[in-house]
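Okay, structure first, notes after.
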Ligand SMILES: Cc1ncc(COP(=O)(O)O)c(C=O)c1O
C-alpha cells in the first residue's frame, strides 16, 4: 500500500499519539480519497473499472469503509455493506506503520483482490500523497486540487483532534459555539467547521445553519502558505490576503487546533 | 460625509511586514480591526481626544490608546511634570525621591493601600501579585475568571497557544464570572493548595457583553477566600481610576489584598503599580521582581501630576455623566434606524454591541463605517472616554454614528 503520509511525518512513541494518528488516517486521510477522485482526473481513471468495497478496521476500534464504483468513491466510518476486501489493523501503532511506512496490513478478506490493492489502490494512495505532501511543481489545476484537498483533510483532522486530543478539547471547550466558513476566494471554494449536535465537526455543506464566522483566503498562494504553517496571518490580514469577520474567537481557536495537526501528520 | 482613504497606511503596513512579525503586533495588530481595510494602522500625531493617521485622516479616539490616555493626548499639566523631572533626572543608578512621593500619594489616595511598588506594564504587576500570593501562602494554585485578561505571561494565556506549555497553565484554575458556587467548588477541590484569586473588579472581557458583580458577589468572594486563607488580587489595570480614584473596588465596595494598576495611571507614560495591605508587605519584600526601566522618575512625576488632575477634576463623575449622555444618544440613534444597541460596563469604558446579528458581523460593519468617517471604534473591545472628550465631540460622534447606520441600511 502506498505511503499515505509525507516524509516529514513524525512517529513518536506512545499510545495516545498513535491512537490519534490512526484516527487521523482512518477518519481524515482516507475520506480524502473521495474528494481526490472527484477533483483529479488521473486518480479517477485509476478506479474507473473497479468495483470494490474496502473495509479498514482497527481491532476493537474505528473503521473506514470505502466503496469504489463507477469511478467514484464513497466513504463511511461504519461497515455499511459486505466488503470485498477487509484490512485488519491490529492496533493503532500497527495502523500507523501501515499508513506511514507501508507495512503490510492483515488481509482478512480479498486475497483474490491483492493485485487491485497492490496496483490500483496503491497508485491511488500515491496520488493522494502527491497532493498531501509538501507543495511540488504543480500545474495550475493541481494547485487548486492541492488547496482543496489539504483544506478538507485539515478540517477533517481538526474534527478528530476535537474528539480525541486533550489540548484541542480544552481549546474548543472554551470556544463560542458556532459555524466557521473557510473559503478560498480565487477559486470560489468554501468549506465549514462548526459545532453541531454537541460536537465540533467538519461540515461539507450546510443544511440550513447560519454561519457565525468567516475566514476567507484570497488565493491559492495564501492558502498554501497557511496550510504549510508559513503564513504570518496577522500580516496577511493587514495586507488583505486574509479576510475575517464574525465571531473571531471561533477563527482563532479553530486555527489553534488546525495548527496542532502538524504534531501528528504533516 | 467623507469616507477615508488609507493608501499611505497600506504602504507603511507593507513596509512593516518585511521587518516586523505581524506587521503590527499584539492588540494593535490588524486582527481586532474588522474589516482591516476600514482601519488605519499608523499615526503621525495625537492631541486632546484626537489622532491623525499617515493619510492625514482625523479620528475622535474612543480607544484612548486602549486605556492609558485618560486626560487627553498632550495634556499640558502631565507633560510639564514629565519634562521637568526629565530635565532633573530620569534613568539613574539610584532611586529617585519621586518614587517615594508617588508611593505616598497612592497610599493616601487608595484606602486599601499601605504600600506601593512600581513597574512598567500591567502584566509586570499582575505577575508580581501572583508571586506575592504564593510567597505569602506557600501554595501554588491561582483561581482566575474565564475570559479574564491579565497580560501575556504564559500562565495568563490559554492552553494550546503557541509558546504556552501545559505546565505553564497547570496551576491556574479558570471559573465563570459571578459564580460563587464555582469559586467554592474550586477552593474545596483544591483544598490547601490555592494561593489566590485574581479578577478584574467587574467582568470586561472581549467579544461578549461586560458584566457587573451580582449583588453580594464580592462579599461572598471575600468570605470564601478568607476561609481558605487565599489572597484576593484585584486586577484594576484597565478600569483603575476610571470608576473611582481609590480603586474600582471602592466603587463595588470590597477590599482586596492587592490591587494592580497600570493603564490610566500616568496618561500614557509607561508605569504600573501594585498596591497592597500591610499584612502582605513582608512577602512583597521577599519576592525578587525588577526591571531595567522600573525606576524611571519622569514617569513617576507624570503619574503624580495625572492623578492630581484626575482628582482635581473629579474624573469618575465626569466620565459617568458624559458617558451616560453619549450612550443614551447612541441608543436612540440606533433605534431610529431600526437597530438595538446594547451597552454594558461602566460609562467611562463601556462595551457596545448591536444585538440584531448574533454573529457580530453587523456590529463589525457599523464600527468600520464609523471609523472610516472619523470615530475610531473597534468592534470587540470596550471603548474608553477621556477627560478631553467634550459634549461637542460627542455631538460630532453621534453624527458619524448616524451616517454609519445610514450606510448599513443602504447596504442591507
Ligand atoms: C485587565 C488587564 N489586566 C492586565 C493587562 C495587561 O497589561 P499590559 O498589557 O500593560 O501588560 C491588561 C491589558 O490590557 C488588562 O486589560
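Once region A:159-263 is represented by equal point scatterers at the alpha-carbon sites, with solvent omitted, what log10 I(q)/I(0) does the Debye formula produce at q = 0.12, 0.14, 0.18, 0.21 Å⁻¹?
Evaluating at q = 0.12, 0.14, 0.18, 0.21 Å⁻¹ gives log10 I(q)/I(0) of -0.38, -0.52, -0.88, -1.19.
Could you check which residue among B:114, B:124, B:179 shows the biggest mean-square fluctuation in a GNM of chain B with a 10 Å Cα cutoff?
Of B:114, B:124, B:179, the Gaussian network model singles out B:179 as fluctuating most.
Taking other Cβ within 10 Å of each residue's Cβ, how do A:111, B:207 sort, fewest first? Walk me through the numbers before you get to the answer.
Details: A:111 8, B:207 17.
Listed from fewest to most nearby Cβ atoms, that is A:111, B:207.
In µm²/s, what is D for chain B at 20 °C and 1.002 mPa s, where D = kT/(6 pi eta Rh) by Stokes-Einstein and Rh is the Kirkwood radius from Cα pairs?
Values: Rh = 22.3 Å.
Approximately 96 µm²/s, per Stokes-Einstein.
Rounded to two decimals, what is Rg over Rh for the protein assembly as shown when you use alpha-carbon atoms and the Kirkwood radius? Display every interim value, and only then the final one.
Numbers: Rg = 28.8 Å, Rh = 27.9 Å.
My calculation puts Rg/Rh at 1.03.
Percentage of Cα-Cα pair distances in region B:306-408 greater than 22 Å, rounded to whole percent?
Numbers: 1400 of 5253 pairs.
Result: 27 percent of Cα pairs exceed 22 Å.
Measure nothing but the geometry: give the 0 to 90° angle between the long axis through the Cα atoms of A:248-258 and the longest principal axis through the Cα atoms of chain A, rounded to 10°.
Tilt relative to chain A: about 30 degrees.
Expressed as a whole number of Å, what is the distance separating the alpha-carbon centroids of region B:160-201 and region B:202-241?
Distance between centres, Cα-based: 13 Å.
By counting other Cβ atoms within 10 Å of each Cβ, how are B:3, B:206 ranked from fewest to most? Mind dumping the intermediate values first?
On the way: B:3 12, B:206 17.
The order, fewest Cβ neighbours first, is B:3, B:206.
Using a 10 Å cut-off on Cβ to Cβ distances, tally the other chain neighbours for every residue of A:229-235 and report the average as a whole number.
Numbers: counts 0, 0, 0, 6, 4, 12, 13.
Counting other chains' Cβ atoms within 10 Å and averaging over A:229-235 gives 5.
For helix B:180-189, what angle does its Cα long axis make with the longest principal axis of chain B, in degrees from 0 to 90 and rounded to 10?
Long axis of B:180-189 versus the principal axis of chain B: about 40 degrees.
Using helices alone, I'd like the mean residue ellipticity at 222 nm for the protein assembly as shown: each DSSP H run of four-plus residues gives -39500 (n - 2.57), total over residue count, nearest 500. Don't skip to the answer; put the middle values down first.
Details: 23 runs with 266 residues, N = 678.
Calculated mean residue ellipticity at 222 nm is -12000 deg cm²/dmol.
Give me the inter-chain shielding for A:111-118: mean count of other chain Cβ atoms within 10 Å, whole number please. Don't skip to the end; give the middle numbers.
Values: counts 0, 0, 0, 0, 0, 0, 0, 0.
Across A:111-118, the average partner-chain Cβ count within 10 Å equals 0.
Would you mind ranking B:370, B:234 by Cβ crowding within 10 Å, fewest neighbours first? Walk me through the intermediate numbers first.
Values: B:370 25, B:234 28.
Going from sparsest to densest Cβ surroundings: B:370, B:234.
Give the distance, in whole Å, between the Cα centre of region B:323-392 and the Cα centre of region B:250-291.
Distance between centres, Cα-based: 31 Å.
Can you give me the C-alpha center-to-center distance between region B:1-40 and region A:30-108, rounded to a whole angstrom?
47
Which order, highest average first, do A:162-173, B:8-19 follow once you tally other Cβ atoms within 10 Å for each residue and take the mean per peptide? Don't skip to the answer; put the middle values down first.
Details: A:162-173: 18.6, B:8-19: 16.0.
Those peptides, ordered most packed to least, come out A:162-173, B:8-19.
Need one value for B:358-364: mean number of C-beta atoms belonging to other chains within 10 Å of its residues' C-beta atoms. Write out the running numbers ahead of the final one.
On the way: counts 6, 11, 7, 7, 0, 0, 5.
Mean number of neighbouring Cβ atoms from other chains: 5.
On alpha-carbon atoms, Rg over Rh for region B:76-312 using Kirkwood Rh?
Numbers: Rg = 17.7 Å, Rh = 18.2 Å.
Answer for region B:76-312: 0.97.
Roughly what angle does helix B:122-137 make with the longest principal axis of chain B, taking Cα atoms, 0 to 90 degrees, to the nearest 10?
20
Please work out the ratio of the alpha-carbon Rg of region B:56-204 to 2.2 N^0.38 Å and round it to two decimals. Spell out each step's value before the answer.
Numbers: Rg = 19.5 Å, N = 149, 2.2 N^0.38 = 14.7 Å.
Here the Cα radius of gyration is 1.33 times the empirical estimate.
Normalised by the number of residues in chain B, what is the relative contact order in percent for Cα pairs under 8 Å and 6+ residues apart? Could you put the intermediate results ahead of the total?
Values: 779 pairs, mean separation 96.7, N = 412.
So the answer I get is 23 percent.
Which percent, nearest 5, of DSSP beta bridges in the protein assembly as shown are antiparallel?
Numbers: 52 of 79 bridges.
Among the beta bridges of the protein assembly as shown, antiparallel pairing accounts for roughly 65 percent.
Over region A:159-263, what is the percentage of antiparallel beta bridges among all DSSP beta bridges, to the nearest 5?
Values: 16 of 21 bridges.
Of those bridges, close to 75 percent are antiparallel.
Values quoted throughout were computed directly from the atomic coordinates according to the rules given, and no laboratory measurement underlies them. For clarity, every value in this text was computed on a predicted model and none was experimentally measured. When we count neighbours, we look across all protein chains shown, and the Cβ atoms used for this are built from the backbone with ideal geometry, even at glycine.
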